[in-house]
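Q: Questions regarding the structure given below will be posed in turn.
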Amino acid sequence: MAITLLGAVAVAVLAACVAFIFRRVTGISARWIIPASAGAAMLAFTLWNDYSWFGRVADGLPADVTVARTFESSNALQPWSLVAPITTRFQAVNVGGRQRSEVAPRVVRAEVYLVARWQPTFTTLQIFDCARGRRADAADATGGEGLPPETAWTEVGLQDALLRAACSGV
């Protein structure tokens, strides 16, 4: 967050310098143009940074990691987000590292990344039952044959975005 503030200040200083030079060259006596340019540049940088965060992070993911679901949010302190919500977190699945269960071929184990803005990325192993539309934490896989017991499964439905991403091509 401090880097974002530093970036906004740098953009504001640059815009103020450009406005100062423009004012000197053209002879315009409006002194308000310098702080107005700095403020507009900070606002533009903030908007760009907010709305491009997801795209920049998703583009940096390895080729075998698929974004399954995004989450948007609005905030009164960012009034533009009330008009167009900002993507602030997402879930991604490492489809290249999926492992099929030997005893249940429609059950896969996959690494899931939980990425949120201003937060460290959280990685978890999940087990997906592609036939029955449910998932479980791999840490709960203490049942028979390396599968979680029935009580550990969470019903998510066959249309769940994370389940579909993990089960694609299985």
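The values are calculated or read from the model by the stated rules, or taken from the named source; none is laboratory data. Model, not experiment: these values are computed from the prediction. Using ideal geometry, Cβ is built from the backbone for each residue, glycine included, and neighbour counts are taken over all protein chains shown.
Q: Counting only residues that are of a type in the set (D, E, K, R) and surrounded by fewer than 14 Cβ atoms within 10 Å (Cβ to Cβ), which one in region 1-44 is nearest to Q78 (Cα to Cα)?
A: First pass over region 1-44, keeping only residues of a type in the set (D, E, K, R): 23-24, 31.
From the residues that got through so far, the ones that are surrounded by fewer than 14 Cβ atoms within 10 Å (Cβ to Cβ) too are 24, 31.
On the way: R24: 34, R31: 28 Å.
Result: R31.
Q: Further, regarding this structure: Just a yes or no: is a residue in region 137-152 among the hydrophobic types (A, V, I, L, M, F, W, C) and either under 24 Å from the mean Cα position of the chain (by Cα) or modelled with pLDDT of 95 or more (or both)? Quick ask: steps written out before the conclusion?
A: Going residue by residue through region 137-152, those that are among the hydrophobic types (A, V, I, L, M, F, W, C) are 138-139, 141, 147, 152.
From what is left, the residues that are either under 24 Å from the mean Cα position of the chain (by Cα) or modelled with pLDDT of 95 or more (or both) are 138.
Scanning region 137-152, I find at least one residue that is among the hydrophobic types (A, V, I, L, M, F, W, C) and either under 24 Å from the mean Cα position of the chain (by Cα) or modelled with pLDDT of 95 or more (or both), so the answer is yes.
Q: So, A92, is that one closer than 23 Å to A15 by Cα, crowded, with 18+ Cβ neighbours inside 10 Å and modelled with pLDDT of 95 or more or not? Break it down into steps so the answer makes sense when it comes.
A: Values: closer than 23 Å to A15 by Cα: no; crowded, with 18+ Cβ neighbours inside 10 Å: yes; modelled with pLDDT of 95 or more: yes.
Taking the combined requirement at face value, the residue does not satisfy it.
Q: Separate question: Of all residues in region 96-117 being modelled with pLDDT of 90 or more, hydrophobic (A, V, I, L, M, F, W, C) and surrounded by fewer than 18 Cβ atoms within 10 Å (Cβ to Cβ), which is nearest to V156 (Cα to Cα)?
A: L114
Q: Yes or no: region 70-86 includes at least one residue that is aromatic (F, W, Y), in the same structural domain as P148 (by TED's automatic domain parsing) and either part of a loop (DSSP other than H, G, I, E, B) or surrounded by fewer than 17 Cβ atoms within 10 Å (Cβ to Cβ) (or both). Working first, answer last.
A: Here is the first cut: in region 70-86, the residues aromatic (F, W, Y) are 71, 80.
Still in the running and in the same structural domain as P148 (by TED's automatic domain parsing): 71, 80.
Still in the running and either part of a loop (DSSP other than H, G, I, E, B) or surrounded by fewer than 17 Cβ atoms within 10 Å (Cβ to Cβ) (or both): 71, 80.
Yes, there is a match, as at least one residue in region 70-86 is aromatic (F, W, Y), in the same structural domain as P148 (by TED's automatic domain parsing) and either part of a loop (DSSP other than H, G, I, E, B) or surrounded by fewer than 17 Cβ atoms within 10 Å (Cβ to Cβ) (or both).
Q: Find the residue count for region 57-97, including only residues that are touching a residue at least 24 places away in the same chain (Cβ under 8 Å) and out of contact with any Gly (no Cβ under 7 Å at 6 or more places or on another chain). If you could, list the steps in order and put the result at the bottom.
A: Applying the first criterion (touching a residue at least 24 places away in the same chain (Cβ under 8 Å)) to region 57-97 yields 57-58, 61-69, 78, 80-81, 84, 86-97.
Cutting the leftovers down to out of contact with any Gly (no Cβ under 7 Å at 6 or more places or on another chain) gives us 57-58, 61-63, 65-69, 78, 80-81, 84, 86-97.
Qualifying residue count for the region: 26.
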